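Asks: Here you go, one structure.
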Number of protein chains: 2
Amino acid sequence: VLHSFRMERSEYSDDNCSVAGTLQLVGERWSLLILREAFLGVKRFDQLQRNLGIARNILADRLQRLVGAGIVERKRYQERPERFEYRLTQKGLDLYPTLVALMQWGDRHLAGKQGAPVVLEHKACGAETHPHFVCSECGEPIGARDVRAKVGPGALARTA
Amino acid sequence: VLHSFRMERSEYSDDNCSVAGTLQLVGERWSLLILREAFLGVKRFDQLQRNLGIARNILADRLQRLVGAGIVERKRYQERPERFEYRLTQKGLDLYPTLVALMQWGDRHLAGKQGAPVVLEHKACGAETHPHFVCSECGEPIGARDVRAKVGPGALARTA
């Protein structure tokens, strides 16, 4: 459903803004860094703790929040003694574009002359890849100036 | 430059991680919400303040940080009395994929049955678009399981 009028600020509010909602769940430095580790394959509490140099109680709290949000799941991988690991759910895997976008911006604007600290290889084609957004309909590249934000059905339902 | 070995945690640290660096600058809820407003075309202090329901001193602080980071610039748009507005620089516009990625995740996982509160129209083709990442080399869609993170030249330079 595409509405033909421009978006006005009065048409939405933070309680149904998808950006604000996402930030509410993961928009905190430690949470996003935990997710970065998870995407790099780190699953265990102790390794997360070492890699991030984070206090154990803060790590436990952030993991619990991510589990509560269904972004990470806690799975037992050993019985005696019981040991658990943290794995990204599909909901968590869906945060991948966010992490890639943050990384690419840092690569472009913060990395030194030497270049990016981490590069991505596309498994299928074997090339070093720099993913970019394209339009789902016509396939052309999408940048900030190529789109127009409009009131969506969720906003109308709320304000109706 | 693509290196042929897998990345190990010891090869990088937060002081040269592009994700951590980006979060250092914009990874704070208010900053990202200010950027959301900027992408929606909001440029003036008072309107930002109203839209976000943010304390004036906090808004002033966050704007100053964004200006200091070169993400937003402060431009005079009126002489008497002097009035200023805040505009995204190119560096700021480059954060667009981050905002779109956050929005899409929220649309998928948080929006109610009614659908997304905001939709994007691709100006060029006129369709409602759901941008997705594709490989810069082969053009195929890129998801979390399609890539492999590797040590980049920036990491090597630092640890050498």
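The values are calculated or read from the model by the stated rules, or taken from the named source; none is laboratory data. Quick caveat, the model's predicted, so the values are computed rather than measured. So basically every Cβ, Gly included, is an ideal-geometry build from the backbone, and we count neighbours across all protein chains shown. Areas reflect the complete protein model, heavy atoms only, side chains present, ligands, DNA and RNA absent. Shrake-Rupley method; radii C 1.70, N 1.55, O 1.52, S 1.80 Å.
Asks: Name, by its number, the condition in (1) touching a Leu at 6+ places or on another chain (Cβ under 7 Å); (2) closer than 22 Å to B:Trp105 by Cβ that does not hold for A:Leu66.
Replies: Exception for A:Leu66: condition (1).
Asks: Taking the options B:Ala69, B:Ala160, B:Ala155, B:Ala60, name whichever one is open to solvent by less than 20 Å² (accessible area, probe 1.4 Å), more than 7 Å from every other protein chain (Cβ to nearest Cβ) and either more than 23 Å from A:Ser18 (Cα to Cα) or modelled with pLDDT of 95 or more (or both).
Replies: Values: B:Ala160 fails: open to solvent by less than 20 Å² (accessible area, probe 1.4 Å); B:Ala155 fails: more than 7 Å from every other protein chain (Cβ to nearest Cβ); B:Ala60 fails: open to solvent by less than 20 Å² (accessible area, probe 1.4 Å).
Unique residue meeting the criteria: B:Ala69.
Asks: May I pose another question? Could you tell me which of the residues B:Lys113, B:Lys91, B:Lys150 is over 21 Å from the mean Cα position of the chain (by Cα) and within 24 Å of A:Gly106 (Cα to Cα)?
Replies: Numbers: B:Lys113 fails: within 24 Å of A:Gly106 (Cα to Cα); B:Lys91 fails: over 21 Å from the mean Cα position of the chain (by Cα).
Only one candidate passes the filter, namely B:Lys150.
Asks: Looking only at helices (runs of 4 or more DSSP H) that lie completely in the range A:30-132, which have at least 1 residues being closer than 29 Å to B:Gly92 by Cβ and without any contact (Cβ under 8 Å) to a residue 12 or more places away in the chain?
Replies: On the way: elements: A:45-52, A:56-68, A:90-93, A:96-109.
Of the helices (runs of 4 or more DSSP H) lying wholly inside the range A:30-132, those with at least 1 residues that are closer than 29 Å to B:Gly92 by Cβ and without any contact (Cβ under 8 Å) to a residue 12 or more places away in the chain span A:90-93, A:96-109.
Asks: Please enumerate the residues belonging to the range A:123-150 that are more than 7 Å from chain B (Cβ to nearest Cβ) and either at positive phi or crowded, with 19+ Cβ neighbours inside 10 Å (or both).
Replies: Hits for the range A:123-150 are A:Gly126, A:Gly139.
Asks: For the range A:33-42, check the following and say yes or no: at least one residue is under 15 Å from the mean Cα position of the chain (by Cα), closer than 30 Å to B:Gln49 by Cα and open to solvent by 50 Å² or more (accessible area, probe 1.4 Å).
Replies: No, there is no match, as no residue in the range A:33-42 is under 15 Å from the mean Cα position of the chain (by Cα), closer than 30 Å to B:Gln49 by Cα and open to solvent by 50 Å² or more (accessible area, probe 1.4 Å).
Asks: So in the range A:72-104, with the set limited to residues that are among the hydroxyl-bearing types (Ser, Thr, Tyr) and in contact with a strand residue (DSSP E or B) (Cβ under 9 Å, 6 or more places away or on another chain), which one is nearest to the other protein chains (Cβ to nearest Cβ)?
Replies: Ranking the qualifying residues of the range A:72-104, first place goes to A:Tyr96.
Asks: A follow-up question, please. Would you mind stating whether B:Leu110 is in contact with a Gly (Cβ under 6 Å, 6 or more places away or on another chain), of a type in the set (A, V, I, L, M) and either open to solvent by 20 Å² or more (accessible area, probe 1.4 Å) or more than 7 Å from chain A (Cβ to nearest Cβ) (or both)? Working first, answer last.
Replies: On the way: in contact with a Gly (Cβ under 6 Å, 6 or more places away or on another chain): yes; of a type in the set (A, V, I, L, M): yes; either open to solvent by 20 Å² or more (accessible area, probe 1.4 Å) or more than 7 Å from chain A (Cβ to nearest Cβ) (or both): yes.
Yes: the conditions hold for B:Leu110.
Asks: Considering only the range A:75-102, state which residues are closer than 28 Å to A:Val118 by Cα and of a type in the set (Asp, Glu).
Replies: A:Glu85, A:Asp94
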